[in-house]
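Below is one structure; the comments refer to it alone.
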Amino acid sequence: MSAMTRRAATPSELLSPTEMAEADRLAGNGPALMEAAGAAVARAIRSRFRPLPVLVLAGPGHNGGDGYVAARHLERAGWDVAVAPLAPPNGDAAGAAAHWRGPIRPFAPASLARAGLVVDAVFGAGLSRPVDGQVAETLCAIRTPIVAVDVPSGVDGATGAVRGLARQAALTVTFFRLKPGHLLLPGRDLCGETVLAEIGLPEAVLDRIGPRSFRNGPGLWRLPQPDTATHKHSRGHVTMLSSDALSGAALLAARGARRAGAGLVTLACESENAARAHRMAEPGALTLTGDWPEALLEDGRREVFCAGPGLPPDATTRGTVAALLAAGKRLVLDAGALTAFAGHPDRLHGAAILTPHMAEFARLFGEVGKDRLEAARRAAAQSGAVILLKGSDTVIAAPDGRAAINDNAPAWLATGGTGDVLAGIAAALLAQGMPPFEAACAAAWLQGEAAQRAGPGMIAEDLPPQIHATFLHVAALI
Ligand SMILES: NC(=O)C1=CN([C@@H]2O[C@H](COP(=O)(O)OP(=O)(O)OC[C@H]3O[C@@H](n4cnc5c(N)ncnc54)[C@H](O)[C@@H]3O)[C@@H](O)[C@H]2O)[C@H](O)CC1
Ligand SMILES: [K+]
């Protein structure tokens, strides 16, 4: 389990490399921050490794400066340390380098021969182009564990993408706040264990920067709290659209919605046969049949609809969704209800939450590209809806520019039907009064937590029974 999974203690704001540089500038004490950063790297190494010959690969910027400081602290602790500078250090790094009196080696594969551990202090937040040439050649030749300063060199701190090349780190020590690249893939995986170190940067700089990106977790939202005055109608009514052809998907979404606290869940069915089957499978849900959309709009108390799981991406789906939008209903749209609008995200204006996976996103908004955070933000601004872009690093973005990255989903969550459950959870939270961004964030987090509890080998049906335990867990965290 990585250090990052101790999430209650980790601040939720994320800073891009540009924002982090601004934080440094506002703090105005570069050498002290560098000293604290390098000391934190040395401390993290000493608490995880027995003394080993260490080679510090130092770049010309502040990342390299942190490396020189770490080298000095390790040597003072009796470790055998050498530094290999890529180029003469600049700025505050020159001061840190001046205090290094130990061995200097060429920045080349041959210098790695004696090392039992490599500290990668080549590039951090200042990565400005793909890693290539001598740096790529030397990084490729490393055969020992790697400890990365800030990020593994080559990982873009803003996007988690690899620029040129990056090596897998055993440990990454970063400072003050995580960056999006520590949570977005493949960056998150390449970091190995990630340690966030306090280096004396005052929290007040955040007021000036105004971060808009967050790590998803219970600090970002508050789950609905029923009280003694609550009754089933006041807990929200979710109507789930179901097709005869793939009725299991709507059933899974209905289960997710019921377990996430919706007071009433109705499965709107195409045929009486399907309604009967649903009633047998989910006795606590209501069913409805009749011509859509008239039947759906008859009861004004139906406020929240979930459409898409199991629906075909055709003109009928398009017409139903359009009618619901025109009637001012709050919608969570997934799967077929998204693909039905391929190329026309503008027609979804008024929807509350869209939950596309990569391919559905591409059909609506164009390819996601390397920057998932930016892509989701752009789509939210374009559609006016909260976008929940599904993946191992699900991103949730609001039209107002806020965005959160979810990192608690285990790999075994990637199985058929789990997205349907997620849409149901989101709809239920929306129906209970949570604003769309908070409802989408909470749904993604609860789903990840439920999947961890269900364990490897779980199937979508295993998620809903875990949801109430995740509610209790959230209550214990806050
Ligand atoms: N608050 C904090 O988080 C603190 C972070 N610190 C460390 O500072 C670095 C960022 O330092 P910066 O000088 O801005 O950038 P880098 O050291 O990452 O690199 C800049 C340097 O490298 C050259 N360069 C960039 N990419 C390439 C490339 N692909 N090939 C060749 N050369 C490249 C660029 O031209 C510059 O010369 C942060 O990561 C932390 O480690 C502070 O020390 C403490 C506060
Ligand atoms: K680095």
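When the residues of segment 144-176 are filtered to those that are polar (S, T, N, Q) and open to solvent by less than 10 Å² (accessible area, probe 1.4 Å), which remaining residue is farthest from ligand 1 (Cβ to nearest atom)? Steps first, please.
Narrowing segment 144-176 to residues polar (S, T, N, Q): 144, 153, 159, 168, 172, 174.
Next cut, open to solvent by less than 10 Å² (accessible area, probe 1.4 Å) only: 153, 172, 174.
Values: Ser153: 8, Thr172: 11, Thr174: 7 Å.
Among those that are polar (S, T, N, Q) and open to solvent by less than 10 Å² (accessible area, probe 1.4 Å), it is Thr172.
Among the numbered criteria (1) closer than 23 Å to Ala32 by Cα; (2) over 33 Å from the mean Cα position of the chain (by Cα); (3) surrounded by fewer than 22 Cβ atoms within 10 Å (Cβ to Cβ), which one does Asp80 miss?
(1)
Output yes when any residue across segment 60-70 is assigned to a helix (DSSP H, G or I), acidic (Asp, Glu), open to solvent by less than 50 Å² (accessible area, probe 1.4 Å) and within 15 Å of ligand 1 (Cβ to nearest atom), and no when none is. Before you say what the answer is, go through the steps one by one.
Step one: filter segment 60-70 for residues assigned to a helix (DSSP H, G or I), giving 62-70.
Now drop any that are not acidic (Asp, Glu), which leaves 66.
Pick out the ones that are also open to solvent by less than 50 Å² (accessible area, probe 1.4 Å) and you get 66.
Among the residues that remain, those that are also within 15 Å of ligand 1 (Cβ to nearest atom) are: 66.
There is at least one residue in segment 60-70 that is assigned to a helix (DSSP H, G or I), acidic (Asp, Glu), open to solvent by less than 50 Å² (accessible area, probe 1.4 Å) and within 15 Å of ligand 1 (Cβ to nearest atom).
Between residues in segment 7-34 that are at pLDDT 95 or above and residues that are within 16 Å of ligand 2 (Cβ to nearest atom) and of a type in the set (Ser, Thr, Tyr), which pairs lie under 9 Å by C-beta distance while being six or more apart or on different chains?
Filtered contacts from segment 7-34: Met34/Tyr68.
Quick one: in segment 106-137, which of the residues that are away from ligand 2 (no atom under 13 Å from the Cβ) and part of a helix (DSSP H, G or I) is surrounded by the fewest Cβ atoms within 10 Å (Cβ to Cβ)?
Out of the qualifying residues, it is Gly133.
Regarding Glu13, is this residue among the acidic types (Asp, Glu), within 16 Å of ligand 1 (Cβ to nearest atom) and open to solvent by less than 60 Å² (accessible area, probe 1.4 Å)?
Yes.
Regarding segment 464-471, can at least one residue be identified that is touching an Asp or Glu at 6+ places or on another chain (Cβ under 8 Å), on the phi < 0 side of the Ramachandran plot and at pLDDT below 95?
yes
Pick from Gly308, Gly236: which is surrounded by 17 or more Cβ atoms within 10 Å (Cβ to Cβ), on the phi > 0 side of the Ramachandran plot and touching a strand residue (DSSP E or B) at 6+ places or on another chain (Cβ under 6 Å)? Break it down into steps so the answer makes sense when it comes.
Values: Gly236 fails: touching a strand residue (DSSP E or B) at 6+ places or on another chain (Cβ under 6 Å).
On inspection, the qualifying residue turns out to be Gly308.
Mind checking whether some residue in segment 110-120 is within 21 Å of Phe176 (Cα to Cα) and either modelled with pLDDT under 95 or among the hydroxyl-bearing types (Ser, Thr, Tyr) (or both)?
No, that holds for no residue.
State whether the residues of segment 88-101 include one that is away from ligand 2 (no atom under 13 Å from the Cβ), under 25 Å from Phe49 (Cβ atoms), assigned to a strand (DSSP E or B) and in the same structural domain as Gly59 (by TED's automatic domain parsing).
Within segment 88-101, none of the residues are away from ligand 2 (no atom under 13 Å from the Cβ), under 25 Å from Phe49 (Cβ atoms), assigned to a strand (DSSP E or B) and in the same structural domain as Gly59 (by TED's automatic domain parsing).
Being at pLDDT below 95 and either outside the structural domain of Ala460 (by TED's automatic domain parsing) or buried (at least 18 other Cβ atoms within 10 Å of the Cβ) (or both) narrows it down to one of Leu241, Leu264, Leu246, Leu296, so name that one. First the steps, then the outcome.
Details: Leu241 fails: at pLDDT below 95; Leu264 fails: at pLDDT below 95; Leu246 fails: either outside the structural domain of Ala460 (by TED's automatic domain parsing) or buried (at least 18 other Cβ atoms within 10 Å of the Cβ) (or both).
Every option except Leu296 fails the conditions.
Take Asp92 and decide whether it is within 15 Å of ligand 1 (Cβ to nearest atom), at negative phi, among the charged types (D, E, K, R) and over 27 Å from the mean Cα position of the chain (by Cα).
Details: within 15 Å of ligand 1 (Cβ to nearest atom): yes; at negative phi: yes; among the charged types (D, E, K, R): yes; over 27 Å from the mean Cα position of the chain (by Cα): yes.
Yes; evaluated as a whole, the condition is true for this residue.
Pull up segment 177-198, narrow it to residues that are touching a Pro at 6+ places or on another chain (Cβ under 9 Å) and closer than 20 Å to Ile45 by Cα, then point me to the one that is most open to solvent (accessible area, probe 1.4 Å).
Once the filter is applied, the top-ranked residue is Leu196.
Can you tell me which of Ala381, Ala426, Ala337, Ala414 is of a type outside the set (Asp, Glu), touching a Ser or Thr at 6+ places or on another chain (Cβ under 8 Å) and open to solvent by 30 Å² or more (accessible area, probe 1.4 Å)?
The unique qualifying residue is Ala414.
Just checking: which of the helices (runs of 4 or more DSSP H) contained wholly in segment 240-304 hold 1 or more residues that are in contact (Cβ under 8 Å) with a residue 40 or more places away in the chain and touching a Cys at 6+ places or on another chain (Cβ under 7 Å)?
Output list reads 247-259.
Is segment 35-45 home to any residue that is away from ligand 1 (no atom under 14 Å from the Cβ) and either free of Cβ contacts under 8 Å to residues at least 40 places away in the same chain or part of a helix (DSSP H, G or I) (or both)? Working first, answer last.
Within segment 35-45, the subset away from ligand 1 (no atom under 14 Å from the Cβ) is 43, 45.
Remaining after also requiring either free of Cβ contacts under 8 Å to residues at least 40 places away in the same chain or part of a helix (DSSP H, G or I) (or both): 43, 45.
Yes, segment 35-45 has at least one match.
Yes/no per residue for (1) away from ligand 2 (no atom under 16 Å from the Cβ); (2) in a loop (DSSP other than H, G, I, E, B); (3) within 15 Å of the chain's Cα centre (by Cα); (4) not assigned by TED's automatic domain parsing to the domain that holds Ala71:
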site	(1), (2), (3), (4)
Val151	no, yes, no, no
Ala158	no, yes, yes, no
Gly164	no, yes, no, no
Ala169	no, yes, no, no
Leu178	no, yes, yes, no
Gly181	no, no, yes, no
Arg188	no, no, yes, no
Ile199	no, yes, no, no
Leu206	yes, no, no, no
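Does Ala141 satisfy being more than 10 Å from ligand 2 (Cβ to nearest atom) and open to solvent by 20 Å² or more (accessible area, probe 1.4 Å)?
Yes; evaluated as a whole, the condition is true for this residue.
Taking the condition within 16 Å of ligand 2 (Cβ to nearest atom), touching a strand residue (DSSP E or B) at 6+ places or on another chain (Cβ under 6 Å) and at pLDDT 95 or above, does Pro60 pass?
Details: within 16 Å of ligand 2 (Cβ to nearest atom): yes; touching a strand residue (DSSP E or B) at 6+ places or on another chain (Cβ under 6 Å): no; at pLDDT 95 or above: yes.
Against the criterion (within 16 Å of ligand 2 (Cβ to nearest atom), touching a strand residue (DSSP E or B) at 6+ places or on another chain (Cβ under 6 Å) and at pLDDT 95 or above), Pro60 does not qualify.
Working only within segment 305-324, note down all residues that are in a helix (DSSP H, G or I) and of a type outside the set (Gly, Ala, Ser). Let's see the steps before the verdict.
Filtering segment 305-324 down to residues in a helix (DSSP H, G or I) leaves 315-324.
Once the filter is applied, which keeps residues that are in a helix (DSSP H, G or I) and of a type outside the set (Gly, Ala, Ser), segment 305-324 yields Thr316, Thr317, Arg318, Thr320, Val321, Leu324.
The values are calculated or read from the model by the stated rules, or taken from the named source; none is laboratory data. As the structure is a computational prediction, the values presented were derived from the model and not from experiment. Here the Cβ is made from the backbone with ideal geometry for all residues, glycine too, and neighbour counts use every protein chain on show. SASA here: full protein model, heavy atoms, side chains in, ligands and nucleic acids out. Shrake-Rupley method; radii C 1.70, N 1.55, O 1.52, S 1.80 Å.
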